[in-house]
Each structure stands twice: as C-alpha cells, then as structure tokens.
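Contents: one structure, followed by commentary.
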Amino acid sequence: MKPTPTPPADRPDDGPDRPSRSRPAPDLGTSFVVTADASRVGPAIVDLPPARADSGPSPTPSPSPAPPSGPPTTEALPPFELRALRITDAGWGAGWELRPAPPRRPWMDGHPHAYHCLPLVVANQWGWQIHCPVDVRVVWDGSPEPAGLTVELHPEHRAAITSQFGQGIVTFSPPWMFRTPPGWDLWAKGPVNTWRRNCVPLEGIIETWWLPYTFTLNWKLIEPGEVTFARGDAVGQLLPVPHQTFAEARAIEEPLGSEPDLMARMTAWREERERRAGQRHQNHLMYRKAQDVDGHLVRVPVPPVGPRPRSSAADAPNDPREGR
C-alpha cells in the first residue's frame, strides 16, 4: 500500500475557537529506542483510513485512558530512555537521521583552543541531533504571512519542511513521535554552539512523557533574505530535562566568605592564572583535570542510536529441553 505523504501536523496550541478533530489518531506502528538510519529500519507507515459515507450514527467512543502523571520530585525519576516512534521512513519521512550530538564543531576546528573549554565541548555532546534529509533554500520577503516565506526543496519533502506559522519561520516536521519516561521532558532547540547567518532556532520544552502527538523544529529568519540548509545539517538537538527541576527549588545570594574552603580554592585558582599570565601556555586545565572530583565529565555517554535490543539469553525462559 502506498504510504500517505502527510507529515504529523504541529499547529499552535489549541484554543477555544479551534474546531475539534473527529478522526482518531493513526496507529504509529513499532516503537524504537532511537532510530538513526531509515534504510535499516522496518517501515512503520501511517495509513489513514479512507473517508466513509454517513451510514447512521457513529458508535459510542470508548473512554479515554487516564492521563499519565509524573513523579512529584526529581528524586523519584526513573532512568532516562528516549523512544523515537518512527511514523514513516518513505516519502517525506525518508533521509532524516537521529544521532548523538558530536563533540566537534566546524568553527571550533578553525580555532582549536576552543576545545580547551570543557564546558563548551560537553554541551556540544548533550543529547541527540536531528539531521536535515534534503537541501533546502528559504527566502523571506519580510511580510508576516506564511506566504511571505518561500521554501525550495525536492518535492518529496515539501509536506515536511514548510512555511507554517508566518513571521519568517521555517518549520521542520521530523518523522518521529518522541516519548520519555514519566517526569522527563525534552528540550527541543537548535544545535548547541552552532549558528546560521540571519537565522535563529526557536526553542521549547515539551512534556513528552504524556504528549500524544508530534512537535516541530522551527528556525526564524531575522531579516528579509535567504538562508540555506544542506542535506545532513543538524536542524535540532534534543536534551533531556527533569520536569520537576524547579520543584521545591530555591535561589540564594550570599557573600563568598560564607564558604571559606571554596573561597580558598578560588584564591588558589586566581593565583595560578596570574602566575601563568604572559607564558606561552597559559591554559592551566584545572577544570579539565578536576582533581579529586568524582563523576567529572569529559565525554558524555549519550547512547548510540538503534532499535531496541533483544532480550538476552539470561532473560529468556528456560529451555524445556534442558536436562534431558
């Protein structure tokens, strides 16, 4: 059966004047932990049923299941697992890739000293990146209407990369519905420590532990003009965020002297910087070394993408033939 070439529509939040949708949600098929290569994944195509003529009153819908609930604090959070439910890997859904974010950036390769900043490198790796499936050229004439922004790309992907919201915003609709354990949100943003001329990514935190529909990635042109995205460019990055990050949170300002040990270590750091001032190698790498610190990150263990692993032999039921 030919796959339906319509991506999941992500529109502005429902309001009181918005008509309700009567069509039931389509079956999204098999779930995957995180799928990277569309060519290696069995299809999970959305087949919308054809419209039927009226044949009397509609049957009474079954009651909706109770909405999920997250833990009240971060202490009860389950381990994080990103599940990417692939809607289709054909047509508009072909060519998209979902991969762990890499530590390197092209602009940092041109200025290698930037890699001495470990917080920068760790942030680069935090989460997964979504990669554009096709070359895209975007032109905005400055008008606020959706028609004021033109998106040029291969016809196969026109339904997934569009001018949808107006205001010079280009919208990318990846072919996944993302799910996270209760209490875990996803921060959908642009690729960390990456930028484009005349174009900025819009960011949002999404409650993917209960959300029953998809979301989009959006970039806004700053001024009228042209922006291009090449096939394989990262157009978004997904970061796990505890939903209850600010539950029972406090923010306090105190003088540094209230922490004498911390003040002494800061003084030692400052003296080391002053000692190295003017030397050929001024970087003391104190943060990278992080002496006597357990759990210090240099590489981020973001899991590789792929289908859910099969049960190990240890988890399999006993073979009835054993012991014969």
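The values are calculated or read from the model by the stated rules, or taken from the named source; none is laboratory data. Not measured: the values here are computed from a predicted model. Cβ sites come from the backbone with ideal geometry, for glycine too, and all protein chains shown count toward neighbours. For the accessible areas, the whole protein counts, side chains as well, though only heavy atoms, and no ligand, DNA or RNA atoms are used. Shrake-Rupley method; radii C 1.70, N 1.55, O 1.52, S 1.80 Å.
Just a yes or no: is a residue in the range 230-248 among the charged types (D, E, K, R) and either touching a Leu at 6+ places or on another chain (Cβ under 9 Å) or farther than 30 Å from Phe165 by Cβ (or both)? Yes, the range 230-248 has at least one match. In this structure, does Val134 turn out to be open to solvent by less than 90 Å² (accessible area, probe 1.4 Å), modelled with pLDDT of 55 or more and part of a loop (DSSP other than H, G, I, E, B)? Yes.
Residue-wise test of (1) in contact with a Phe, Trp or Tyr (Cβ under 8 Å, 6 or more places away or on another chain); (2) touching a residue at least 60 places away in the same chain (Cβ under 8 Å); (3) hydroxyl-bearing (Ser, Thr, Tyr).
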| residue | (1), (2), (3) |
| --- | --- |
| Val139 | no, yes, no |
| Leu149 | yes, yes, no |
| Glu152 | no, no, no |
| Arg158 | yes, yes, no |
| Gly166 | no, no, no |
| Thr180 | yes, yes, yes |
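Could you tell me whether the range 220-241 includes any residue that is among the β-branched types (Val, Ile, Thr) and assigned to a loop (DSSP other than H, G, I, E, B)? Yes: the range 220-241 contains one or more residues that are among the β-branched types (Val, Ile, Thr) and assigned to a loop (DSSP other than H, G, I, E, B).
Do we have Ala268 as open to solvent by less than 60 Å² (accessible area, probe 1.4 Å), within 25 Å of the chain's Cα centre (by Cα) and among the small types (Gly, Ala, Ser) here?
On the way: open to solvent by less than 60 Å² (accessible area, probe 1.4 Å): yes; within 25 Å of the chain's Cα centre (by Cα): no; among the small types (Gly, Ala, Ser): yes.
In short, no.
Only a single criterion out of (1) assigned to a strand (DSSP E or B); (2) open to solvent by 30 Å² or more (accessible area, probe 1.4 Å); (3) aliphatic (A, V, I, L, M) is not satisfied by Ala123, namely (1). Looking across the range 210-229, the residues that are under 20 Å from His243 (Cα atoms) and open to solvent by 30 Å² or more (accessible area, probe 1.4 Å) come down to Trp210, Pro212, Tyr213.
With respect to the conditions (1) part of a loop (DSSP other than H, G, I, E, B); (2) of a type in the set (Gly, Ala, Ser); (3) open to solvent by less than 60 Å² (accessible area, probe 1.4 Å), Ala114 falls short on a single one, namely (1).
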